[in-house]
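As structure tokens, the structure follows; a few thoughts come after it.
What follows draws every value from the coordinates through simple rules; no lab data is involved. Predicted model only: the values in this text are computed from it and were never measured. When we count neighbours, we look across all protein chains shown, and the Cβ atoms used for this are built from the backbone with ideal geometry, even at glycine.
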Amino acid sequence: MDERLAPGLYIVATPIGNLGDMTSRAADVLRRADRVLVEDRRVSARLLQHVGSTARMINYTDHTSEAERDSILALLADHAIALISDAGTPLISDPGYKLVRDARAAGHPVNTLPGPCAAVAALTLAGLPTDRFLFLGFLPAKEKARAEAIAEVAGIRASLVLYESGPRLGDTLAALADGLGAREAAVARELTKLHEECVTGTLATLADRYADAPPRGEIVIVVGPPAPAAEASGEELDEALAAALASQSPSRAAADVAAALKLPRKRVYARALELAGK
Ligand code: SAM
């Protein structure tokens, strides 16, 4: 007989397609939990059966009321409750954040069991910079709101990660190409499944490719960061310095021009001294 799990909330990541990606720790917690919170009972029943869990399921979705959440919180005092979503990591474009917030506020232990997440899996496949990335979830469906959401992040120097569905993929790629310009991107599809693929190209070529050919299955779009702004030329530097030196000391002029042109201050100061004949 397994030892009882300590009471508390357990956030359990589950596979995004390949059942082999279920971690042994996740399976163990699902078997030993007193209750499992699920989005869709039919989807999760299959997974629970696969790991040999007979735990009772309770529905937990974005529509769960505050009163229902309160009754789950009351159970947490002396029950181990696992939260799963239909696939992947709960809370990532999936329900759960309010429950975690309230469980923490009420002093219940909250444990996380990390595992598959489509956003992270796509980032590892795309071959685009991963040192800084911004997860955008699903963009708004309506054209104007979508364009606004894209404009809002256009200047951010990071890769962007978005969830999308096949039928909307072409329109979304076209809107991204319009709003972000010529950037490298990747369309990662059916990750960890039989037909997994990752197609790369510029946003415009990908928008063309999928315009009249919506792919099947689940999709993540990854967009590379904007190209770094071109460095100011020597001529531009001299022009800016000449103007600044007309009314400022070389040191003050160099500080202002270096900031405006995003150039190293030491280099700009050396040139300011040359131009000032010092
Ligand atoms: N919580 C999940 C996670 O950790 O990735 C995401 C849930 S969100 C409701 C579902 C979306 O995730 C899909 O519409 C798709 O954009 C993406 N997704 C999920 N599984 C995927 C897969 N196997 N391949 C590509 N994208 C996937």
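Per-structure values
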quantity: At 1.002 mPa s and 20 °C, Stokes diffusion of the range 118-223 via Kirkwood alpha-carbon radius, µm² per second; calculated: 159 µm²/s
quantity: Set of lysines near Lys262 by C-alpha distance (under 25 Å), chain-local residues within fewer than 8 positions excluded; calculated: Lys278
quantity: Other-chain or far-sequence residues with amide H under 5 Å of Leu139's (modelled H); calculated: Tyr163
quantity: Ellipticity estimate at 222 nm from DSSP helix runs (n ≥ 4, -39,500 (n - 2.57)) divided over the chain, nearest 500; calculated: -13000 deg cm²/dmol
quantity: Most mobile of Leu245, Leu75, Leu30 in a GNM of the chain (Cα contacts under 10 Å); calculated: Leu245
quantity: Size-normalised alpha-carbon gyration radius of the range 234-276, reference 2.2 N^0.38 Å; calculated: 0.92
quantity: Convex hull volume per residue in cubic angstrom - Cα atoms of the chain; calculated: 195 Å³
quantity: Most to least packed among 121-133, 80-92 [average Cβ atoms within 10 Å]; calculated: 80-92, 121-133
quantity: Cut-off under 5 Å, modelled amide H: who pairs with Leu134 long-range; calculated: Ser159, Leu160, Val161
quantity: Charged-residue dipole, Cβ positions (Lys, Arg, Asp, Glu), the range 176-274 about Cα centre, Debye nearest 20; calculated: 420 debye
quantity: Nonlocal amide H pairs with Ile16, under 5 Å, H built at 1.01 Å; calculated: Gly88
quantity: Global form of the range 50-114, assessed from the alpha-carbon gyration tensor, a/c cut-off 1.5; calculated: rounded
quantity: Point-to-point label distance, Lys278-Arg132, nm (Cα→Cβ direction, 7 Å offset); calculated: 3.4 nm
quantity: Normalised contact order of the chain, rounded percent, pairs of Cα under 8 Å and 6 or more residues apart; calculated: 16 percent
quantity: Glu143-Ala106 pseudo-label distance in nm [points 7 Å out on the Cα-to-Cβ vector]; calculated: 4.7 nm
